[in-house]
Ligand SMILES: C[S@@+](CC[C@H](N)C(=O)[O-])C[C@H]1O[C@@H](n2cnc3c(N)ncnc32)[C@H](O)[C@@H]1O
């Protein structure tokens with residue numbers, strides 16, 4: 001008796017950090033020299049899907065620790081046969097340390113990172129001092145870190161880390177777009193938060 005159906009092979013749209021040994025060479029990975037954006041914790045992949053469709057001149061890698069979500073996003077990308085978007089299943093901290101080459105990324109996006117409300121779980125938060133150091137390592141000179149959250153206290157932490165970091169120059173936050181249809185949002189979490197009427201904290205910082 002078969003309990004689980006065999007997993008669909010989603011390669012090259014879905015790979016895991018365990019599948020890769022050496023730092024990724026983007027030109028081989030995507031088959032072109034276009035700039036690379038990384039979406040940290042891409043979740044359901046609304047951003048990855050829409051941005052990669054709107055910008056065929058760029059490449060997009062989502063990194064997602066929840067394989068179920070990552071595979072779901074990759075399935076949508078595969079359906080579209082998207083050539084410029086991939087999902088990497090795993091912890092962004094391991095990916096940045098082991099697989100993303102220094103000074104190779106144009107933009108790092110961190111949208112609606114898990115807030116981990118309970119004090120005893122705070123150390124699981126992605127956006128920390130060490131994470132910022134990793135971002136500095138992987139960004140190209142002049143590269144950008146872009147973030148948004150609906151958690152005011154977490155946004156203060158992010159601003160505190162970024163606004164006072166001499167390695168970065170704050171950029172004006174992107175204007176809030178008026179949605180033209182029900183799915184016209186930056187990400188799924190932005191959609192939920194804005195439909196609840198919550199204020200979104202947004203920031204962008206450029207590596208000097
Ligand atoms: C609150 S959701 C936001 C998802 C998406 N960015 C959005 O705005 O709709 C946070 C996502 O980050 C992922 N995540 C949390 N910690 C992570 C880590 N260390 N590495 C990669 N992904 C992570 C979670 O699995 C989850 O999908």
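The values are calculated or read from the model by the stated rules, or taken from the named source; none is laboratory data. Only a predicted model underlies this, so the values are computations on that prediction, with no experimental measurement involved. Here the Cβ is made from the backbone with ideal geometry for all residues, glycine too, and neighbour counts use every protein chain on show.
Side notes on the structure shown:
- Taking the criterion of being in a helix (DSSP H, G or I) and surrounded by 12 or more Cβ atoms within 10 Å (Cβ to Cβ), the residues of the range 28-59 that qualify are 29, 30, 46, 47, 48, 49, 50, 51, 52, 53.
- Among the residues of the range 179-195, the one identified as within 8 Å of the ligand (Cβ to nearest atom) and either touching a strand residue (DSSP E or B) at 6+ places or on another chain (Cβ under 6 Å) or at pLDDT below 95 (or both) is 187.
- Considering the range 87-177, the qualifying helices (runs of 4 or more DSSP H), each wholly inside and each with 1 or more residues that are away from the ligand (no atom under 12 Å from the Cβ), without any contact (Cβ under 8 Å) to a residue 40 or more places away in the chain and touching a helix residue (DSSP H, G or I) at 6+ places or on another chain (Cβ under 8 Å), run over 129-138, 152-163.
- Residues that are within 13 Å of the ligand (Cβ to nearest atom) and farther than 20 Å from residue 24 by Cα within the range 38-70 comprise 43, 44, 45, 46, 47, 49, 50, 51, 66, 68, 69, listed in sequence order.
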